[in-house]
Amino acid sequence: MPEITTVAAAAANDILSFSGTAQPNEEVVVYIHSNEALVYKTVADSQGIWRVNHSQDTVELAPGEHTIYAVGMNSAAKIKSPPSPIGSFTIEKNFWVSVYKSFSLASSMITAVILLLVLSWLYWVRSKQKVVA
């Protein structure tokens, strides 16, 4: 039966890494339950260690508690192992990181153009008021 031994996050590139142990060269199916279920299929190496990397850029796991478990598969014999014990992990989001990720070059350029237009209009309105007064 496979086991989940590590859940780690690489903050620099939004990668969540899950690893564990299973029988050497065994196929492992990893189930992550979040706002939607994610399923990953991998193969344990010759020492029985498997790893799955999840990119938050493809499907973002929402902040909160999530569960994970793994099942070993023998495709040739069409046999599944019992599921591993269910593990849980929590994702926390920093407010400022979320705000930063929402910015892009395009949105920044559009905002700058809108601000320039508004400032130009306000300057024009003010200059008209001086002429009338």
Legend entry - Unique match (being surrounded by fewer than 17 Cβ atoms within 10 Å (Cβ to Cβ) and at negative phi) among 68, 79, 4: 79
Legend entry - Subset of segment 81-110 (residues that are touching a residue at least 24 places away in the same chain (Cβ under 8 Å) and either closer than 17 Å to residue 41 by Cα or in a loop (DSSP other than H, G, I, E, B) (or both)): 81, 82, 83, 84, 85, 92, 93
Legend entry - Verdict on residue 25 being part of a loop (DSSP other than H, G, I, E, B) and either surrounded by 17 or more Cβ atoms within 10 Å (Cβ to Cβ) or in the same structural domain as residue 76 (by TED's automatic domain parsing) (or both): yes
Inset, instruction - Specify which of the listed residues (36, 60, 92) is touching a Pro at 6+ places or on another chain (Cβ under 8 Å) and either outside the structural domain of residue 25 (by TED's automatic domain parsing) or modelled with pLDDT under 85 (or both). - result: 92
Inset, instruction - Only residues that are free of Cβ contacts under 8 Å to residues at least 12 places away in the same chain and not in a loop (DSSP other than H, G, I, E, B): list them for segment 32-79, please. - result: 37, 39, 79
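The values are calculated or read from the model by the stated rules, or taken from the named source; none is laboratory data. Remember, it's a predicted structure, so these values are computed and weren't measured experimentally. Cβ: placed from backbone, ideal geometry, glycine included. Neighbour counts: every protein chain shown.
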